[in-house]
């Protein structure tokens, strides 16, 4: 129907309806606008919440990544620790085993297999309780384990696979779950066999040491008594001093001779006991021992109540635990009477040698003068007989001529013998000419080349000359008898008031220490001659390297020693 066909009322009614509809539409539009505003607010809020949630998710994702990395590191560390623990357990010096509540094994290390003889596979169907040798010991240990939850270093007898029973040191700890329930135990065992043997050996060693200590104490006590007896009853003076020369110990002989007790002398020196000149000499000898760190034997004069005495002192260093010298010990023997006897013997020996030289000179003169004259007379008679018989009796004349030759040889031998007994050249011309003549004569008689050299030798005392000549004579005689030498050299020189005589050969040599006593008599005689004059004599020799002798004599003799 068209609007023109409608009545006013209808139009008004429709208009009113249209206005209401418009109003409804406007309300709907306003509501929609409000809804848009609300939706926009909700959307904005949702956007903010989404952004916040997204950021939170990103942070959570990063945290998860970090946790994953940390867990991986933890797993790697746990793996390393597990490998380390497995390595430690497997290479432990102790047997380690883990069992459940029924005693079934879940772990059995290599050392356990070595000790018990069972490999892990062989333990299937076996219980840990089967390894204990004594059920009573096992019960006692289990009671302590239930009470304390742990057992440490509990000694038990255990059974090996081969049936041997060995002592073991057992430590057990219970294993519990998260609820505190016991699920098993871990056992650490150590074989005590070696330790027991070691303890037994130590015990035996201690017993042996105790016996040795007692024996050592007995020996020390015995040696102490012996040493005390020696110190008490020895006629020698014995003392010990420190490095500064302070006395630490003296024996009873020292107390008796010098009037001071052992308790009183400690801390004192020789200057508190003896006169300064004697103390100076003693201290100088002590310092030599301390400085050179070697023993010293020296004569020391001491003035006592009954006069001057001579002591033969043997001094040697004393060492501490570190090997350092901290003092010395001296043992002095009174040799006054021995020195007197030696002086008397020296004078007697000198007198004997002087008389021997006189006797030799007398015999030489008798041989030369008397026997020489008789032989000369015999020769003259033999020549007379030869002259009378050479025309009438040829054989008798030849016999007389033979007698002349024999007498000539005898005269030469007598002259040579007289010369060797006491060469006149020694008395008439001196030592140098006498040695030149004797070395030449020695070369002729023995066929050994003999060279004599002398340097700066002044005129010497006749006693020194005789000693040097006799020493040379004795040495060359020994060379001819024993050395098998082809060459020998004699040297003579003077220096600083001493005459040095040297004799060396290229013979077979010898070991001086192996000389028999009878073979040493000639050497002893030569030393005695040198000693009488205040000199010295040394000999050096080695097998295959010849022999050298060196005698040092004062150019001026001590005539009092031989008069």
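With (1) assigned to a helix (DSSP H, G or I); (2) at pLDDT below 85 as the list, and residue 208 as the residue in question, which single condition is left unmet?
Failed condition: (2).
Just wondering, is there one or more residues in the stretch 232-252 that are closer than 24 Å to residue 326 by Cβ, in a helix (DSSP H, G or I) and at pLDDT below 90?
No; the residues of the stretch 232-252 include none that is closer than 24 Å to residue 326 by Cβ, in a helix (DSSP H, G or I) and at pLDDT below 90.
Hey, among the residues in the stretch 440-456 that are under 52 Å from the mean Cα position of the chain (by Cα) and either surrounded by fewer than 18 Cβ atoms within 10 Å (Cβ to Cβ) or touching a residue at least 60 places away in the same chain (Cβ under 8 Å) (or both), which one's farthest from residue 540 (Cα to Cα)?
456
Out of 555, 512, report the one residue that is assigned by TED's automatic domain parsing to the domain that holds residue 447, touching a strand residue (DSSP E or B) at 6+ places or on another chain (Cβ under 7 Å) and modelled with pLDDT under 80.
512
Looking at the stretch 131-147 only, could you name the residues that are within 19 Å of residue 98 (Cβ to Cβ) and either in a strand (DSSP E or B) or free of Cβ contacts under 8 Å to residues at least 24 places away in the same chain (or both)?
Once the filter is applied, which keeps residues that are within 19 Å of residue 98 (Cβ to Cβ) and either in a strand (DSSP E or B) or free of Cβ contacts under 8 Å to residues at least 24 places away in the same chain (or both), the stretch 131-147 yields 132, 138, 142, 146.
Going through 182, 187, 241 one at a time, which residue ends up being surrounded by 10 or more Cβ atoms within 10 Å (Cβ to Cβ) and under 42 Å from the mean Cα position of the chain (by Cα)?
After applying the criteria, what remains is 241.
Hey, among 109, 91, which residue is closer than 19 Å to residue 184 by Cα and within 60 Å of the chain's Cα centre (by Cα)?
109
Residue 64 - would you say it is touching a helix residue (DSSP H, G or I) at 6+ places or on another chain (Cβ under 9 Å) and farther than 30 Å from residue 110 by Cα?
no
Which residues, counting only those in the stretch 100-130, are assigned to a loop (DSSP other than H, G, I, E, B) and either in contact with a helix residue (DSSP H, G or I) (Cβ under 7 Å, 6 or more places away or on another chain) or surrounded by fewer than 16 Cβ atoms within 10 Å (Cβ to Cβ) (or both)?
101, 102, 103, 104, 109, 117, 119, 124, 125, 126, 127
The values are calculated or read from the model by the stated rules, or taken from the named source; none is laboratory data. All values derive from a computational prediction rather than experimental measurement. Glycine gets a Cβ as well: all are built from the backbone with ideal geometry, and neighbour counts include every protein chain shown.
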